[in-house]
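The values are calculated or read from the model by the stated rules, or taken from the named source; none is laboratory data. Since the model is a prediction, treat every value here as computed from it, not as a measurement. Don't worry about glycine lacking a Cβ; one is built from the backbone with ideal geometry, like all the others, and counts go over all protein chains shown. These accessible areas exclude ligands, DNA and RNA; they are computed on the full protein's heavy atoms, side chains included. Shrake-Rupley method; radii C 1.70, N 1.55, O 1.52, S 1.80 Å.
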Amino acid sequence: MICEDYKLLTDLFRAYFDARKHKRNTFSQLNFELDFEKNLVELYHEIIENRYEIGRSMCFISNGKVKREVFAANFRDRVVHHLIYNYISPMFERSFIEDCYSCRVGYGTRKGIERLEHHMRSCTDNYRKPAYILKLDIQGYFMSINRSILYEKVEKGMIKYAGRKNKDGIAYCDTFNMDRALSLIEKIIFNDPITNCFIRGGKKDWEDIPLSKSLFHSAYCCGLPIGNLTSQLFSNIYLNDFDHYVKKDLGVKHYGRYVDDFFIIHPDKQILLYCMARIKIYLKQSLGLVLHPKKIYLQEVRKGVVFLGAVEKPYRKYITRNARHNIFETFGRISKYLSGVNRPLTKEEFCQIQSVVNSYFGYLSHYKTFHLKQKLIRHCLYH
């Protein structure tokens with residue numbers, strides 16, 4: 001028992017260092033870090049004594065090209081999210097299909113775009129044969145996730161995979177306390193963040209948000225807050241059986257999914273229409289989900305498709321207009337900042353600007369963007 005409790009404390013410290021990456025300027029993180037050792041020990045006692053309760057979240061609208069309602073958890077809750085993620089993510093990782101791209105190490109947007117190109121080439125024999133691509137989207141996915149169904153899937157999965165061994169040859173059930181982890185997972189899944197949250201902004205911020213994309217209008221016992229690490233992992237677990245249904249029951253070879261955005265490629269258009277009809281039924285009956293009626297794309301592969309911020313066409317790919325707009329906005333801010341500085345840049349300022357520019361040019365190197373990069377350089381130098 002002493003050894004087990006000591007390991008939990010060690011795991012909490014690891015979760016803390018994971019949680020504070022890229023979050024070191026937030027108020028809740030800074031407040032926690034003032035005496036993080038004491039706070040972690042206190043959190044540890046709350047967990048082992050089953051006294052842990054989820055704190056208040058910060059609700060706001062992210063004003064990107066697509067507005068989203070975000071619930072940012074308190075930092076101490078994010079530590080618990082990372083603790084749970086570190087426990088169960090390796091356990092479920094082996095059950096995910098190869099073409100599930102989100103919230104997995106090495107399976108981000110770039111991987112998804114590369115796999116889409118692979119499937120397009122494979123299905124068309126390197127673009128020598130005709131084929132069709134069907135791209136679908138689930139309407140209000142995070143707000144439509146049934147928490148009871150989700151918890152049942154997580155619980156069954158943990159019981160099923162508990163005896164499997166990790167890369168060190170140790171069974172997952174021996175690496176942490178299953179009952180304690182399930183208790184924390186239950187609290188996270190069934191927590192309703194809207195009952196006790198801080199709202200940043202006014203009513204006007206929510207005017208352009210569809211009801212299907214807001215937790216304030218989700219059905220009873222449905223919806224996960226966008227912004228939590230656990231929500232991203234749970235979203236993959238929720239659709240894991242669906243992925244296997246498409247691959248095995250429908251016999252689809254060329255399929256890929258990123259969160260709620262997925263594609264199917266097949267030489268026969270009628271097969272794709274049949275698959276779409278079966279998918280609609282499965283999602284509704286098994287998961288309580290609905291396909292977005294305005295985001296159904298069915299077209300020949302040679303005409304290309306937009307997926308994960310890229311326009312994929314035979315033998316070439318481009319970035320989307322939205323991505324292009326965001327990049328020019330960022331370089332515009334850099335240019336404006338540089339024009340307003342009447343002194344040599346500090347080493348920290350130079351390194352920060354350099355990292356942003358290198359990051360974008362590294363991103364653009366994967367696409368047909370020679371002329372775009374020239375425009376960006378001119379934009380930065382002469383504006």
Query - Subset of the stretch 72-110 [open to solvent by 30 Å² or more (accessible area, probe 1.4 Å), of a type in the set (D, E, K, R) and out of contact with any helix residue (DSSP H, G or I) (no Cβ under 7 Å at 6 or more places or on another chain)] - result: GLU93, ARG94, GLU98, ARG110
Requested in this report: Specify the residue that is nearest to ILE237 (Cα to Cα); the eligible residues are those in the stretch 268-323 that are assigned to a helix (DSSP H, G or I) and of a type in the set (Lys, Arg).
Outcome: LYS284
Query raised in the report: Is it the case that SER89 is part of a loop (DSSP other than H, G, I, E, B), in contact (Cβ under 8 Å) with a residue 24 or more places away in the chain and over 30 Å from THR320 (Cα atoms)?
Result: no
Query - Close pairs (7 angstrom Cβ cut-off, 6 or more residues apart or separate chains): free of Cβ contacts under 8 Å to residues at least 60 places away in the same chain and under 22 Å from VAL357 (Cβ atoms) in the stretch 302-327, part of a strand (DSSP E or B) and open to solvent by 70 Å² or more (accessible area, probe 1.4 Å) anywhere - result: THR320/VAL306
Report task. Assess whether ASN326 counts as being assigned to a helix (DSSP H, G or I), touching a Lys or Arg at 6+ places or on another chain (Cβ under 8 Å) and more than 30 Å from LEU150 (Cα to Cα). Result -> yes
Query raised in the report: What are the residues in the stretch 22-49 that are under 27 Å from the mean Cα position of the chain (by Cα), at pLDDT 80 or above and farther than 23 Å from CYS173 by Cβ, if any?
Result: LEU40, LEU43
Query raised in the report: Here is a list of conditions, (1) in contact with a Lys or Arg (Cβ under 8 Å, 6 or more places away or on another chain); (2) closer than 30 Å to ASN126 by Cβ; (3) surrounded by 11 or more Cβ atoms within 10 Å (Cβ to Cβ), and LYS303 meets all of them except one; can you say which number that is?
Result: (3)
Query - Neighbours by Cβ (under 6 Å, 6+ apart or cross-chain): first from the stretch 174-198, open to solvent by less than 50 Å² (accessible area, probe 1.4 Å); second part of a strand (DSSP E or B) and of a type in the set (S, T, N, Q) - result: PRO193/SER57; CYS197/SER57
**Report entry** Subset of the stretch 199-212 [in contact (Cβ under 8 Å) with a residue 24 or more places away in the chain, closer than 26 Å to ASP77 by Cα and outside any helix (DSSP H, G or I)]
**Finding:** ILE199, ARG200, GLY201
Report task. For ARG343, indicate whether it is more than 27 Å from SER102 (Cβ to Cβ) and either free of Cβ contacts under 8 Å to residues at least 60 places away in the same chain or assigned to a helix (DSSP H, G or I) (or both). Result -> yes
Query raised in the report: What number goes with the only condition from (1) open to solvent by less than 80 Å² (accessible area, probe 1.4 Å); (2) of a type in the set (A, V, I, L, M, F, W, C); (3) without any contact (Cβ under 8 Å) to a residue 24 or more places away in the chain that ILE334 does not pass?
Result: (3)
